Amino acid sequence: MGRLLITALLVAAAGIAVVAVNGPGKDKPVDKDKYAPGSRSTHVSSNVANGTIAAASTPSSAPVGATIEMKGLRFSPEVATLRTGQAVRFVNRDTVAHTVLQDVGPRSGEIPVFDSQRVLPGEAFTFIARNAGTIRFICTLHPTVMSGRLTVTGANS
């Protein structure tokens, strides 16, 4: 009995030593770069009143090219089109919190262009599209039912 306990303790100590020497592993998430595009072109606002959002909720006063509501555990509309330089406004008209995150796929290694964190009921999240292309997005709190797609066209399209 005593030998078994000593052996178990030695194995546990060896495992702890391996982790201490090698670190926790390279597959762990990395903190977001504070200079990433997502941190410069997004904004969460609680300026929602009587069904409208104050103009101050749009960073840099970019024109709003699309408004997407979060209601009934859905994005509405699920597909929107805007031009580069325009903003898309996500308004939470639901009774629960939501998030808006660029869906880059699991373990893609890409940093999402935008990540709203939690958008509480009555708040809005704004993202300014800087590049043309297709951007898929999800609510990380309800990913099986809340997803959508933005199509960003060139400025003169």
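The values are calculated or read from the model by the stated rules, or taken from the named source; none is laboratory data. These numbers were taken from a predicted model, which means no experiment stands behind them. So basically every Cβ, Gly included, is an ideal-geometry build from the backbone, and we count neighbours across all protein chains shown.
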Legend entry - Flag if GLY105 is exposed (fewer than 15 other Cβ atoms within 10 Å of the Cβ), under 23 Å from LEU82 (Cα atoms) and out of contact with any Pro (no Cβ under 9 Å at 6 or more places or on another chain): yes
Legend entry - Output for segment 96-138, where each listed residue is of a type in the set (Val, Ile, Thr) and without any contact (Cβ under 8 Å) to a residue 60 or more places away in the chain: VAL96, THR99, VAL100, VAL104, THR134, ILE135, ILE138
Legend entry - Residue tally, condition touching a residue at least 40 places away in the same chain (Cβ under 8 Å) and either among the β-branched types (Val, Ile, Thr) or part of a loop (DSSP other than H, G, I, E, B) (or both), over segment 144-154: 6
Inset, instruction - Please specify each residue of segment 108-124 satisfying the condition of being over 18 Å from ARG83 (Cα atoms) and buried (at least 20 other Cβ atoms within 10 Å of the Cβ). - result: SER116, VAL119, GLU123, ALA124
Legend entry - Some residue of segment 108-117 being outside any strand (DSSP E or B), over 21 Å from VAL64 (Cβ atoms), modelled with pLDDT under 90 and among the hydrophobic types (A, V, I, L, M, F, W, C): yes
Legend entry - Those residues of segment 125-157 which are farther than 28 Å from VAL96 by Cα and surrounded by fewer than 15 Cβ atoms within 10 Å (Cβ to Cβ), in sequence order: ARG130, ASN131, ALA132, GLY133, GLY154, ALA155, ASN156, SER157
Inset, instruction - Could you list all residues from segment 81-100 that are under 25 Å from VAL145 (Cβ atoms), surrounded by fewer than 19 Cβ atoms within 10 Å (Cβ to Cβ) and touching a strand residue (DSSP E or B) at 6+ places or on another chain (Cβ under 8 Å)? - result: THR81, ARG93, ALA97
